[in-house]
1. If we scan the stretch 206-214, do we find a residue that is under 18 Å from Arg104 (Cβ atoms) and within 12 Å of the ligand (Cβ to nearest atom)?
2. Based on this model, can you work out whether Arg46 counts as of a type outside the set (Phe, Trp, Tyr), assigned to a loop (DSSP other than H, G, I, E, B), at pLDDT 95 or above and open to solvent by 50 Å² or more (accessible area, probe 1.4 Å)?
3. Do we find a residue being among the charged types (D, E, K, R) and at pLDDT 95 or above anywhere in the stretch 116-125?
4. Name every residue in the stretch 105-131 that is in contact (Cβ under 8 Å) with a residue 60 or more places away in the chain and either among the β-branched types (Val, Ile, Thr) or assigned to a strand (DSSP E or B) (or both), in order of residue number.
5. Would you mind stating whether Val38 is outside any loop (DSSP other than H, G, I, E, B) and either in contact (Cβ under 8 Å) with a residue 60 or more places away in the chain or more than 24 Å from Ser182 (Cα to Cα) (or both)?
6. State yes or no: is Glu177 in a strand (DSSP E or B) and more than 14 Å from the ligand (Cβ to nearest atom)?
7. For Ala158, state whether it is in contact (Cβ under 8 Å) with a residue 12 or more places away in the chain and closer than 30 Å to Asn287 by Cβ.
8. So Ala164 ticks every box in (1) in contact with a helix residue (DSSP H, G or I) (Cβ under 9 Å, 6 or more places away or on another chain); (2) away from the ligand (no atom under 12 Å from the Cβ); (3) at pLDDT 95 or above but one. Which box is left unticked?
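The values are calculated or read from the model by the stated rules, or taken from the named source; none is laboratory data. The structure displayed is predicted, hence computed values, not measured ones. Every residue, glycine as well, gets a Cβ built from its backbone with ideal geometry; the counts of neighbours run over all protein chains shown. SASA here: full protein model, heavy atoms, side chains in, ligands and nucleic acids out. Shrake-Rupley method; radii C 1.70, N 1.55, O 1.52, S 1.80 Å.
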Amino acid sequence: MAPRIMVFVEQDGGEIEESSLGVLTRAREVAERRGYEVYALLPTARHGPEEAKELGAYGAHVVVLARHEALDRYHSEAYAAAVAQAVEAYDPEVLLASATRNGRDLLARLAVRFRTGLMAHVIEFDVGDDGRLVGTVPGFGGSIAAVVKHVRGRPQMATVSPGAYQPARRWGPARVEELRPSIGGLRVRVLERRVGEARDISRAPRVVVAGMGAAQALDLVRELAELLGAELGVTRPLADAGLAPRDVQVGSTGVSLRSDLVLVLGASGAPHFVSGIREAGTVVSVNVDPEAPIREHSDYFAVADLNELLPILIRELRRRLGGGGGP
Ligand SMILES: Cc1cc2nc3c(=O)[nH]c(=O)nc-3n(C[C@H](O)[C@H](O)[C@H](O)COP(=O)(O)OP(=O)(O)OC[C@H]3O[C@@H](n4cnc5c(N)ncnc54)[C@H](O)[C@@H]3O)c2cc1C
């Protein structure tokens, strides 16, 4: 029997989380080189076998359909119970999830339960000749990308930065196996959800990222993003301060952008931030400091004070787009 890589495929109320599919695709690439089989684990209340087998296109050899009404939306305890039962039933060598809020929560719980190691938020992963999981983790706020190897415990686990791998439909339908997880005695009951809609900016064609140097001018940055048809992203201090939702934080503990164009406004270029724009196409940065480290990571770099530049830029764009906005 071929060793198994299991990928947790996240869904919410029936909608599949796209970054899980990127993990699935990468898992299949690794599996083909190493002679593994890829098991996509889909905890759900709504999906049936016909929909489940479609995950084969993204790389699953087998889809484990774990159906239970308690799994319609993410619930820490219910999901941990279902996924733990799947791990016990299928005994995978490797268990992976996208490092979404839910994926991070789930695998942290399971790492404790199985007394095994977890690499958090890897930006690359592979399985070595010795069968050990290897991941690249941006490290310690320094300019290093640490290559980490899993040495003890089973399954070998990692969460993968959303956007690190693109989903690709390259394979045929998967075989579907059903698992009826037993879920009971939940200590938490969700009465109401008030979280805003989660946004995935990792694949937006254009993103305007605001750093601390633009924190005072966030309304103008938003306006500029709108004019450019771009999504708004931020550096971590802005998300920490509650100025923007965590979903749009770019960097090693946020999302990795695969955008064609990223405009970085008032960010210094700390390594933890830069790891989130490594895979982007063209990077244009503006900073008041001519020596800001972001310069080294930009295709185009302009020295300017954003408080002065943004109103001019917006006015000029409005004029060119014919939207009024003054002379
Ligand atoms: C474990 C760990 C994980 C982390 N993960 C992330 C992450 O995912 N994402 C992330 O972003 N950070 C992350 N960080 C934080 C990271 O190390 C930096 O502290 C952060 O990226 C700095 O944000 P910034 O560039 O917006 O702010 P600052 O470093 O304060 O830079 C502000 C920049 O704005 C410029 N500026 C100021 N005023 C103006 C103006 N008027 N016009 C133009 N430019 C101006 C300044 O010259 C400066 O370069 C992490 C840190 C740790 C320890």
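1. Looking through the stretch 206-214, none of the residues is under 18 Å from Arg104 (Cβ atoms) and within 12 Å of the ligand (Cβ to nearest atom).
2. yes
3. no
4. Selection gives His121, Ile123, Phe125, Asp126, Val127.
5. Here the answer is no, as Val38 does not meet what is asked.
6. So Glu177 fits the description; yes.
7. no
8. Single failed check for Ala164: (3).
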